[in-house]
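Undergrad: Sending over a structure as structure tokens; questions will come in a sec.
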Ligand code: CTP
Ligand code: MG
């Protein structure tokens, strides 16, 4: 009885902590953020990785009594955070206060005894929670609060936006619907941490890091999970040879190039994920790509995963994008609107090929914001000038140095509103000299194109690389045509005000008009033109099939 009383007190303490954490503590956190300045990219990564290491992911029975659930898990220690989500069934993430709590929980976890199948006894933090005895008991509840982990269809979004009363409200609604939620970010880091456990079985000091839109601040619910296996931090790897005296080295197998090392390790890990990786399905090894990768689907989270190795420059690009997004809210807002607009009109695509990518589009938005008068964000060279000694970074002969402390960056005063900027963005790229000029966020000015690619966007950390060399003439023309048509459309709707209020169905206006799939195409309702656009799309598709697999890095 005493034991149960103790457990009950501890459980209540845990639940109270949870409730307090989500209601009373939240405003305080904002204040601290304001006072201390926004967190650097690496500080956010460290915090998220810590949370992930103390967390477990599990499938749950469809009906679950939350009180009993918490009581069960609290036996192993304080719970810092938990949430449920739906994905062909109910799943839960539980984050404990300490790593030891997870170890205690895993010690009490059984390997299933199946009648017709034989389990691979590979233990991980992906678990299944079941009931003993009958499936239903009077205390069981259903309908756990589940936040969506994917976006809503575009017609629902248009409807939602049409009911808003100002462009600002529309933007807020778009961001709330599309950007990654706190729970979704936690789930991303947790999946990455689960995969690291598998890789660490062979390379104990390795880390798997997230990069790309999962962590650069421009991620949309449902975006892929880009990861890279970092073997550089393995102790003794980059230490200098001593000049004299005895010393020891490991005996290792050798291969002809660093690329072969990457290919072998990825090939082997791909095999492990395929054979033993709980929840990992459809493993494809794409080892001959410019940046070799293993692609697979993580079933419990629903994430399409790309695992690369030796991709440190991409990590720096991710940090740079994060930094720009943190500097001014208009950066993320404009990127989200433009990405969403591009997706609706088929400028970007989920199939790889001659289309403009989200990454290229983001750089185009950043470049546009650098070209405002006064600029809304500084150029990369300026961020390099502000860097301190700790920010120095040379990767594969590329200088990737830029300031990481956001408080050192002084912005110029630019008061342009988001609807002005959106209009100007379309005008800017309607008239951009793509045939002669290259987009360069390092200098913040267009440069003469060094090579004859249709769209030329310099890789911020390696000016010899064009991140959009995949884009063909037809796709670029399409982008320019849609920019022109959207400029026109925004001019027409300038004086438009929201037509309906509140609950009733409303006529699309503002952002909703821009996101209507047929609207822009209908402006110049010229059949010939539309036939042209369709055939461009088919051409692009054929080209992508010819080119085969997507190359992740230029
Ligand atoms: N990257 C790069 N050079 C390229 C393509 C990609 O450096 N030519 C890096 C960028 O840091 C990019 C990351 O790889 O953010 C992941 O690429 P990708 O998944 O294509 O883009 P995301 O930014 O993650 O956008 P999405 O939401 O479409 O996945
Ligand atoms: Mg991505």
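The values are calculated or read from the model by the stated rules, or taken from the named source; none is laboratory data. Everything numeric here is computed off the predicted structure, so don't read it as measured data. Every residue, glycine among them, receives a Cβ derived from its backbone with ideal geometry; neighbour counts consider all protein chains shown.
Undergrad: One residue is enough: does segment 242-265 have a residue meeting the conditions touching a strand residue (DSSP E or B) at 6+ places or on another chain (Cβ under 6 Å), under 30 Å from residue 363 (Cα atoms) and away from ligand 1 (no atom under 15 Å from the Cβ)?
TA: Within segment 242-265, one or more residues are touching a strand residue (DSSP E or B) at 6+ places or on another chain (Cβ under 6 Å), under 30 Å from residue 363 (Cα atoms) and away from ligand 1 (no atom under 15 Å from the Cβ).
Undergrad: Using the structure shown, decide if residue 439 is in contact with a strand residue (DSSP E or B) (Cβ under 7 Å, 6 or more places away or on another chain), under 30 Å from residue 167 (Cβ atoms) and in contact (Cβ under 8 Å) with a residue 40 or more places away in the chain.
TA: It is true that residue 439 is in contact with a strand residue (DSSP E or B) (Cβ under 7 Å, 6 or more places away or on another chain), under 30 Å from residue 167 (Cβ atoms) and in contact (Cβ under 8 Å) with a residue 40 or more places away in the chain.
Undergrad: Since residue 406 meets every condition but one in (1) free of Cβ contacts under 8 Å to residues at least 60 places away in the same chain; (2) surrounded by fewer than 17 Cβ atoms within 10 Å (Cβ to Cβ), which condition does it not meet?
TA: Condition (1) is where residue 406 drops out.
Undergrad: Which residues, taken from segment 225-251, are more than 21 Å from the chain's Cα centre (by Cα) and either within 16 Å of ligand 2 (Cβ to nearest atom) or at positive phi (or both)?
TA: Listed by number, the residues that qualify are 236, 245.
Undergrad: Has segment 368-386 got at least one residue that is within 16 Å of ligand 2 (Cβ to nearest atom), assigned to a helix (DSSP H, G or I) and out of contact with any strand residue (DSSP E or B) (no Cβ under 6 Å at 6 or more places or on another chain)?
TA: No: zero hits.
Undergrad: May I pose another question? Of 446, 424, which residue is surrounded by 11 or more Cβ atoms within 10 Å (Cβ to Cβ), in contact with a strand residue (DSSP E or B) (Cβ under 6 Å, 6 or more places away or on another chain) and within 16 Å of residue 367 (Cα to Cα)?
TA: Among 446, 424, only 446 is surrounded by 11 or more Cβ atoms within 10 Å (Cβ to Cβ), in contact with a strand residue (DSSP E or B) (Cβ under 6 Å, 6 or more places away or on another chain) and within 16 Å of residue 367 (Cα to Cα).
Undergrad: From 94, 102, grab the single residue that is modelled with pLDDT of 95 or more, assigned to a helix (DSSP H, G or I), within 29 Å of the chain's Cα centre (by Cα) and closer than 13 Å to residue 57 by Cα.
TA: 102
Quick grid of which residues meet (1) over 24 Å from residue 303 (Cβ atoms); (2) touching a residue at least 60 places away in the same chain (Cβ under 8 Å); (3) not in a helix (DSSP H, G or I):
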site	(1), (2), (3)
50	no, no, no
62	no, yes, yes
72	yes, no, no
76	yes, no, yes
81	no, yes, yes
84	no, yes, yes
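Undergrad: Moving on to the next point. Please pick out the residue among 222, 217 that is under 27 Å from residue 320 (Cβ atoms), surrounded by fewer than 17 Cβ atoms within 10 Å (Cβ to Cβ) and within 16 Å of ligand 2 (Cβ to nearest atom).
TA: Being under 27 Å from residue 320 (Cβ atoms), surrounded by fewer than 17 Cβ atoms within 10 Å (Cβ to Cβ) and within 16 Å of ligand 2 (Cβ to nearest atom) holds for just one of 222, 217, which is 222.
Undergrad: Could you list all residues from segment 294-312 that are farther than 29 Å from residue 85 by Cα, within 11 Å of ligand 1 (Cβ to nearest atom) and crowded, with 21+ Cβ neighbours inside 10 Å?
TA: Across segment 294-312, the qualifying residue is only 311.
Yes or no, residue by residue, for (1) more than 16 Å from ligand 1 (Cβ to nearest atom); (2) on the phi < 0 side of the Ramachandran plot:
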position: 359; (1), (2): no, yes
position: 362; (1), (2): no, yes
position: 386; (1), (2): yes, yes
position: 397; (1), (2): no, no
position: 407; (1), (2): yes, yes
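Undergrad: Here's a follow-up. Just for segment 452-465: of the residues that are over 22 Å from the mean Cα position of the chain (by Cα) and part of a strand (DSSP E or B), which one is surrounded by the fewest Cβ atoms within 10 Å (Cβ to Cβ)?
TA: Among those that are over 22 Å from the mean Cα position of the chain (by Cα) and part of a strand (DSSP E or B), it is 464.
Undergrad: Out of all the residues in segment 154-188, which are within 15 Å of residue 344 (Cβ to Cβ) and surrounded by 18 or more Cβ atoms within 10 Å (Cβ to Cβ)?
TA: 157, 158, 161, 162, 170, 174, 177, 178
Undergrad: Okay, next question. Could you pull out the residue among 434, 428, 461 that is touching a residue at least 24 places away in the same chain (Cβ under 8 Å) and closer than 26 Å to residue 315 by Cα?
TA: Just one listed residue meets the conditions, 461.
Undergrad: Which of the residues spanning segment 173-232 are in a loop (DSSP other than H, G, I, E, B) and within 12 Å of ligand 1 (Cβ to nearest atom)?
TA: 180, 215, 216, 217, 218, 219, 221, 222, 223, 224
Undergrad: Output the helices (runs of 4 or more DSSP H) that fall wholly within segment 252-364 and possess 2 or more residues being under 16 Å from the mean Cα position of the chain (by Cα) and touching a residue at least 60 places away in the same chain (Cβ under 8 Å), or say none.
TA: Correct list: 312-327, 329-344.
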